[in-house]
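Q: Below are the structure tokens for one structure; questions will follow.
Readers should treat all values here as calculations from the given coordinates under stated rules, not as data from a laboratory. Remember, predicted model here, so these are calculated numbers, not experimental data. Cβ placement follows ideal geometry from the backbone for every residue including glycine, while neighbour counts extend to all protein chains displayed.
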Amino acid sequence: MISDFVKGKKKFDYPQRIQQGITLHRIIDTFTDEHEATRHAKEAFRSHYRLYSGAFVDVVYDHFLALDENEFPALTLRDFSKQVYQTLEEYQPWFPVHFATLFPYMKNQDWLFNYRSLAGTKKSFGGVVRRSLYLTESDTAGQLFERHYQLLQESYRQFWADVKPFAERQFEMLGDGNNM
């Protein structure tokens, strides 16, 4: 969860387990960016958001993952999100400042669960804009998301079929899963 807030070699300021999580996150990010389905999905956003199109696709993938009944039937996603927030609370002393500021909102508004809805996903698009240097609006992203919903859903399906086994292998390679 904190990987996007830990830049470069700053990861070495963290305990080994957290370093492994940051490394895994970065490996998955690279895989995601290079995947053919992701490149295709980015085209839905590229004309309006250029280099930020990948950030919008990441949010889109979170939306479809939250809706993926093979991964999270509705009730288990709610339980999963609560478990994630409880686990994160144990690591609060290690939160980067920006994530520490954001976490109470994430938990109280249950961002993980709310990716299931169009409204929650569009709200996350707003977060992409707030964290960017050059973007000023996310309404267009919401419209593009709805317009290209089927294409983006198919991109997610192709991507997820590859990333899940990839991530599991990488997790094993980084060390015993019980150590993360």
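Q: Evaluate the distance, in nm, between pseudo-label points positioned 7 Å from the Cα of residue 143 and of residue 19 along their respective Cα→Cβ axes.
A: A separation of 4.8 nm, rounded to one decimal place.
Q: Just want the answer: with Cβ charges of +1 for Lys and Arg and -1 for Asp and Glu, which residue in 140, 111, 77 is farthest toward the dipole's positive end in the chain?
A: 140
Q: In addition: Could you name the aspartates and glutamates whose alpha carbon sits less than 15 Å from that of residue 107, not counting residues in the same chain fewer than 8 places away?
A: Result set, ordered by chain and number: 79, 89, 90.
Q: When a footprinting reagent is the concern and you count Cβ atoms within 10 Å, what order do 75, 151, 144 take, fewest first?
A: 75, 151, 144
Q: Continuing with this model, one more query. Quick one: check the C-alpha center-to-center distance for the stretch 12-27 versus the stretch 109-180, whole angstrom.
A: 20 Å
Q: So what is the calculated 222 nm ellipticity per residue for the chain, using -39500 (n - 2.57) for each DSSP H run with n of 4 or more, over all residues, to the nearest 500 deg cm²/dmol?
A: Here the helix-only value at 222 nm equals -23500 deg cm²/dmol.
Q: Pull out a ≥ b ≥ c, the square roots of the eigenvalues of the alpha-carbon gyration tensor of the stretch 62-180, then state rounded if a/c is under 1.5, prolate if not and a/b is larger than b/c, and oblate in the remaining case.
A: It is oblate, given that a/c is not under 1.5 and a/b is not larger than b/c.
Q: Now for a different question. Residue 92 versus residue 39, label points 7 Å from Cα toward the beta carbon: distance in nm?
A: A separation of 4.4 nm, rounded to one decimal place.
Q: Of 129, 84, how do they rank once you tally other Cβ atoms within 10 Å and put the fewest first?
A: Lowest count first: 84, 129.
Q: If r is the Cβ-Cβ distance from residue 51 to residue 10 and R0 is 22 Å, what FRET efficiency results, to the nearest 0.05?
A: 0.45
Q: Helices from the chain with mean Kyte-Doolittle at least 1.0 and a Cα length along the axis of 15 Å or more, per DSSP H: which?
A: Counting only whole DSSP H runs, the qualifying helices are 53-67.
Q: Further question on the same structure: Give the shape of the stretch 3-97 as rounded, prolate or oblate, defined through the alpha-carbon gyration tensor: a ≥ b ≥ c are the square roots of its eigenvalues, a/c under 1.5 means rounded, and otherwise the shape is prolate if a/b is larger than b/c and oblate if not.
A: Because a/c hits 1.5 or more and a/b fails to exceed b/c, the stretch 3-97 counts as oblate.
Q: If the cut-off is a Cα-Cα distance under 16 Å, which aspartates and glutamates reach residue 122, setting aside same-chain residues fewer than 8 apart in sequence?
A: Excluding near neighbours in sequence, the set is 58, 62, 110, 137, 139, 146.
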